[in-house]
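For reference, the structure is listed below as structure tokens.
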Amino acid sequence: MHERFKFRNPEDLLSKAESLGLRLPFSDDISPLLQPAALENKIIPNRFVVQPMEGYDSEADGTPSDLTRRRYMRYSSGGSGIVWFEAIAVDPDGRSNPRQLMLTEKNLGIYKKLISGMRENHTGKHPQLLAAQITHSGRYSRPAGGNAPLVPSKNALLDRGNERILSDEELFSVQKKFIKTAKLAFDAGFDAVDIKACHGYLIHELLFSFNREKSLYGGRDPEGRFRFLLETIERTRENVPGIIVTTRINLCDLYAGGFGTTPDGKGCDLSEALLLTGELEKRGVKIINTTMGSPYFNPHVVRPYDNPLPGAPVPPEHPLEGVVRMTEGTGTLQKNYPGIMIIGSAYSWLRHFSLNVGAGVLKEGLASFIGFGRNSFAYPGMPRDIIRNGAPDKSKFCITCSGCTRLMKNLRPAGCVIHDREIYGAELKKLIADGR
Ligand SMILES: Cc1cc2nc3c(=O)[nH]c(=O)nc-3n(C[C@H](O)[C@H](O)[C@H](O)COP(=O)(O)O)c2cc1C
Ligand code: SF4
């Protein structure tokens, strides 16, 4: 049964997990989170990752706005080892919303300034790793605000009726745009580029396009379904030497017919994610960011929460089940591929215990980095406080109220309505005044 967070001490949390038959990794010693890590020729200062979080606040042409800049400057001074930039569309038709970032020749200078500002803003012995997540929203493209889905194949569960299937030529042209954007990301000063393959967007959907016919991409065979992602990674590496190429993948979707899911849609089958990770390793990928589920279809799987969006159903499971599904999933990947650094996700529901659980995960070798999504909106300076003061400020953690998602779903700039109230609390008030 779903339950809101109410745990005052580790014993209560751990005994709840036990009563649900779940094993929650846990360590009183959080120092593993502060250990540096070597990646290619770089030293990443610690194990905290700002997960990609769309802010819905770019200028109309995708250029970072003052609000975008503010978010990233907070992340750079916040002290996380990695700042993984939110989804940046490679093509206007593949934008998920009219305020999604784009990186173009025209706005390259603005990105260069943003990246150099972040570099200056971050203090510490080793620089942060800055990764650009680049994407085509596919089925969830809404460049002008309304649905304009571009899909690799029909899907009885997900189709709404106005989908257009992309031809191989069109996919190839999208691939070229990924490579072009990766080159721009390198020129802007990013260390890494993430060829996004999660959350139901175009490249992720290709991974489970079982019924795409007469095409190089998709089909029953994993070789065809994985081809587009693997080719895009290979071609990016060839064309943009010097940038670290990575990807964010779903370990499982948890709906019938989805990636890495049992036929009844109720369980994860990690064999596909393991197979894909093996192929990524063969292509020299050294770090992978992981997630699960679909923000459109089963959001509690992506991000366990206390409060659903207004009008949305209460999730059918305890949030701890979502947390443990992720730690077990990343653990399986990490144990099978010790040569790849796996970034875990979905920790924010745990509030300050996320540090103990994250440290436990690192100690047990169940992931190499601990990613924070909503908590990075709420408390971007958490790593800095731990480094400087030895402990975080418990009053600043995300409370998984879904306020930021509510803003995003209504195409408003997204941020923390609780802890960044002046800007985003005010946005929520406007939204409510508009009757939304
Ligand atoms: C407002 C919002 C925006 C998000 N934007 C992205 C995104 O651009 N790319 C991505 O891969 N995931 C995105 N996510 C998912 C997060 O990266 C993360 O996986 C999720 O919130 C679970 O982590 P948490 O429990 O720390 O919040 C977003 C989530 C939220 C709530
Ligand atoms: S609005 Fe703030 S507290 Fe609520 S879920 Fe988003 S980041 Fe967390």
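The values are calculated or read from the model by the stated rules, or taken from the named source; none is laboratory data. All figures in this text were calculated on a predicted structure; none of them were measured in a lab. Glycine also receives a Cβ, built like all others from the backbone with ideal geometry; neighbour counts cover every protein chain displayed.
Restricting to the stretch 4-23, name every residue that is assigned to a loop (DSSP other than H, G, I, E, B) and touching a residue at least 40 places away in the same chain (Cβ under 8 Å). Walk me through how you get there before you give the answer.
Residues of the stretch 4-23 assigned to a loop (DSSP other than H, G, I, E, B): 4-9, 20-23.
Residues satisfying the conditions are Arg4, Phe5, Phe7, Leu20, Leu22, Arg23.
When you check Glu317 against the structure, is it more than 26 Å from Arg47 (Cβ to Cβ), more than 14 Å from ligand 1 (Cβ to nearest atom), touching a helix residue (DSSP H, G or I) at 6+ places or on another chain (Cβ under 9 Å) and of a type in the set (D, E, K, R), yes or no?
Working: more than 26 Å from Arg47 (Cβ to Cβ): yes; more than 14 Å from ligand 1 (Cβ to nearest atom): yes; touching a helix residue (DSSP H, G or I) at 6+ places or on another chain (Cβ under 9 Å): yes; of a type in the set (D, E, K, R): yes.
For Glu317, the condition - more than 26 Å from Arg47 (Cβ to Cβ), more than 14 Å from ligand 1 (Cβ to nearest atom), touching a helix residue (DSSP H, G or I) at 6+ places or on another chain (Cβ under 9 Å) and of a type in the set (D, E, K, R) - is met.
Within the stretch 420-436, restricting attention to residues that are under 19 Å from Tyr72 (Cβ atoms) and either in contact with a Ser or Thr (Cβ under 9 Å, 6 or more places away or on another chain) or not in a loop (DSSP other than H, G, I, E, B) (or both), the residue that is nearest to ligand 1 (Cβ to nearest atom) is Tyr424.
Can you find a residue that is without any contact (Cβ under 8 Å) to a residue 60 or more places away in the chain, over 23 Å from the mean Cα position of the chain (by Cα) and surrounded by fewer than 17 Cβ atoms within 10 Å (Cβ to Cβ) anywhere in the stretch 123-132? Checking the stretch 123-132: at least one residue is without any contact (Cβ under 8 Å) to a residue 60 or more places away in the chain, over 23 Å from the mean Cα position of the chain (by Cα) and surrounded by fewer than 17 Cβ atoms within 10 Å (Cβ to Cβ). Beta carbons closer than 7 Å, at least 6 apart along the sequence or on distinct chains, never pair a first residue in the stretch 364-387 that is at pLDDT below 95 with a second that is within 11 Å of ligand 1 (Cβ to nearest atom) and among the basic types (Lys, Arg). With respect to the conditions (1) surrounded by 23 or more Cβ atoms within 10 Å (Cβ to Cβ); (2) among the aliphatic types (A, V, I, L, M); (3) within 16 Å of ligand 2 (Cβ to nearest atom), Leu101 lacks only one, and its number is (3).
Results for (1) of a type in the set (A, V, I, L, M, F, W, C); (2) within 13 Å of ligand 2 (Cβ to nearest atom); (3) crowded, with 24+ Cβ neighbours inside 10 Å, shown as yes or no for each residue.
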site: His318; (1), (2), (3): no, no, no
site: Gly331; (1), (2), (3): no, no, no
site: His352; (1), (2), (3): no, no, no
site: Lys363; (1), (2), (3): no, no, no
site: Phe377; (1), (2), (3): yes, yes, yes
site: Pro383; (1), (2), (3): no, no, yes
site: Ser395; (1), (2), (3): no, yes, no
site: Cys398; (1), (2), (3): yes, yes, yes
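Filtering the stretch 67-119 to residues that are without any contact (Cβ under 8 Å) to a residue 60 or more places away in the chain, of a type in the set (D, E, K, R) and assigned to a loop (DSSP other than H, G, I, E, B) leaves Arg95, Lys106. Just to be sure, is Pro413 farther than 21 Å from Arg99 by Cα and either away from ligand 1 (no atom under 11 Å from the Cβ) or not in a helix (DSSP H, G or I) (or both)? Taking the combined requirement at face value, the residue does not satisfy it. Using the structure shown, decide if Phe353 is more than 20 Å from the chain's Cα centre (by Cα) and within 16 Å of ligand 1 (Cβ to nearest atom). Here the answer is yes, as Phe353 does meet what is asked.
Within the bounds of the stretch 147-169, is there any residue that is away from ligand 2 (no atom under 16 Å from the Cβ), touching a residue at least 12 places away in the same chain (Cβ under 8 Å), surrounded by fewer than 16 Cβ atoms within 10 Å (Cβ to Cβ) and within 23 Å of the chain's Cα centre (by Cα)? Yes, there is a match, as at least one residue in the stretch 147-169 is away from ligand 2 (no atom under 16 Å from the Cβ), touching a residue at least 12 places away in the same chain (Cβ under 8 Å), surrounded by fewer than 16 Cβ atoms within 10 Å (Cβ to Cβ) and within 23 Å of the chain's Cα centre (by Cα). Could you list, in sequence order, all residues of the stretch 371-410 that are in a loop (DSSP other than H, G, I, E, B) and within 12 Å of ligand 1 (Cβ to nearest atom)? Passing the criteria: Gly373, Tyr379, Phe397, Cys398, Ile399, Thr400, Cys401, Ser402, Asn410.
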